[in-house]
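Report on one structure; see the data block that follows.
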Amino acid sequence: MGISNFTVRWAAPADIPRILWIDAECATLPGSLLMPAPPGELESGVLAGDVLVAESQHTVAGYLHLDQQYPHAVYVAGVAVLPGMRRRGMGAALLAAALGSADPELPVYTVTSPRNLVTLTMFFAQGFVGTWAFPNLFGPQEHRLGMRLLPSGETLPSVRRWHRATEFTRWSGLLDRGYAAVRVAISRGVPVLGLAGYPSTDSSPCLHRFQQPARISPPYAG
Ligand SMILES: CC(C)(COP(=O)(O)OP(=O)(O)OC[C@H]1O[C@@H](n2cnc3c(N)ncnc32)[C@H](O)[C@@H]1OP(=O)(O)O)[C@@H](O)C(=O)NCCC(=O)NCCS
């Protein structure tokens, strides 16, 4: 799994303190859209063999938690790279390694902010589409987009309309009406999401934890 000047490998228990620190560090940066992992989640993930790390010069700089403990699905519970190590392909390599190791028979899901330009870029580039809306999930304006990996062989449909990420509650109803978010771009300094016709009747078992009438409280990954 070596890629240019870093490597991607499965985390060992000895990596846990560093992974927790990376998660906390990335979640507390000003403007961060990463919710810190709930207590114990990353530790359990490492012990289950579900956490990948990216390492440069023997120092772990990023992690991805691929939760494979659901019976019928796989959930990308969190991904983070330290700010000084970003834009070198680590996040994309972590995701590619995770998807390459996941059971191809199982659907893969994740949840992220519709304003998270980099994360959306990364997930769309590797074949995810956004098909569920979770408005105000983590508080006012803290919306989340539920995404799934397209089944192998399916290609991304082309964009029919663009909407500002900041106006999520105005357009996210389209996700229940035959549209999916498939692209992200920047327009006038604001992330805009490209919507394509993509009817999805799928109801993710992983995302059920987000599907409740009242908002749940952080901390949750995503
Ligand atoms: C998301 C994150 C893990 C990406 O890590 P990274 O190592 O910088 O990512 P990469 O260098 O592999 O880039 C991934 C993609 O994003 C794009 N990208 C990276 N930084 C970008 C930026 N500042 N602006 C626009 N696009 C950017 C890259 O071009 C790449 O796209 P491509 O695969 O189509 O070429 C990292 O930005 C991060 O830790 N963010 C904070 C934590 C977070 O929000 N996690 C997700 C919560 S669900």
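Here are the numbers for the structure shown:
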| read-out | value |
| --- | --- |
| Nearest 10 degrees, 0 to 90: helix 16-27 Cα axis against the chain principal axis | 40 degrees |
| Unit charges at the beta carbon, dipole of segment 107-205: most positive-side option, 117, 150, 187 | 187 |
| MRE, 222 nm, helices only [DSSP H, n ≥ 4, -39500 (n - 2.57), over the chain, to nearest 500] | -5500 deg cm²/dmol |
| Relative contact order %, segment 107-205, counting alpha carbon pairs below 8 Å whose residues are six or more apart | 29 percent |
| Cβ charges +1 (Lys, Arg) and -1 (Asp, Glu), total dipole of segment 1-104, debye | 420 debye |
| Relative contact order for the chain, counting Cα pairs under 8 Å that sit 6 or more residues apart, in percent | 19 percent |
| Pairwise centroid distance, computed over Cα atoms, of segment 112-152 with segment 43-98, Å | 17 Å |
| Most positive-pole-ward Cα, 77, 17, 138, against dipole of the chain from beta carbon charges | 138 |
| Electrostatic dipole magnitude of the chain [Cβ: Lys, Arg +1; Asp, Glu -1; Cα centre; debye, to 20] | 980 debye |
| Net lengthening on full extension, residue 125/residue 14 (0.36 nm per residue, minus Cα-Cα) | 36.8 nm |
| Folded to 0 to 90 degrees: helix 90-101 orientation relative to the chain principal axis, Cα | 90 degrees |
| FRET efficiency, residue 103 to residue 190 (Cβ-Cβ, R0 41 Å, nearest 0.05) | 0.65 |
| Listed residues 64, 89, 39: farthest to the positive end of the dipole of segment 3-103 (Cβ charges) | 89 |
| Ranked 19, 186, criterion: other C-beta atoms within 10 Å, fewest first | 186, 19 |
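Here, each number is a calculation from the coordinates, and none is a lab measurement. As the structure is a prediction and not an experimental result, all values here were calculated from the model. When we count neighbours, we look across all protein chains shown, and the Cβ atoms used for this are built from the backbone with ideal geometry, even at glycine.
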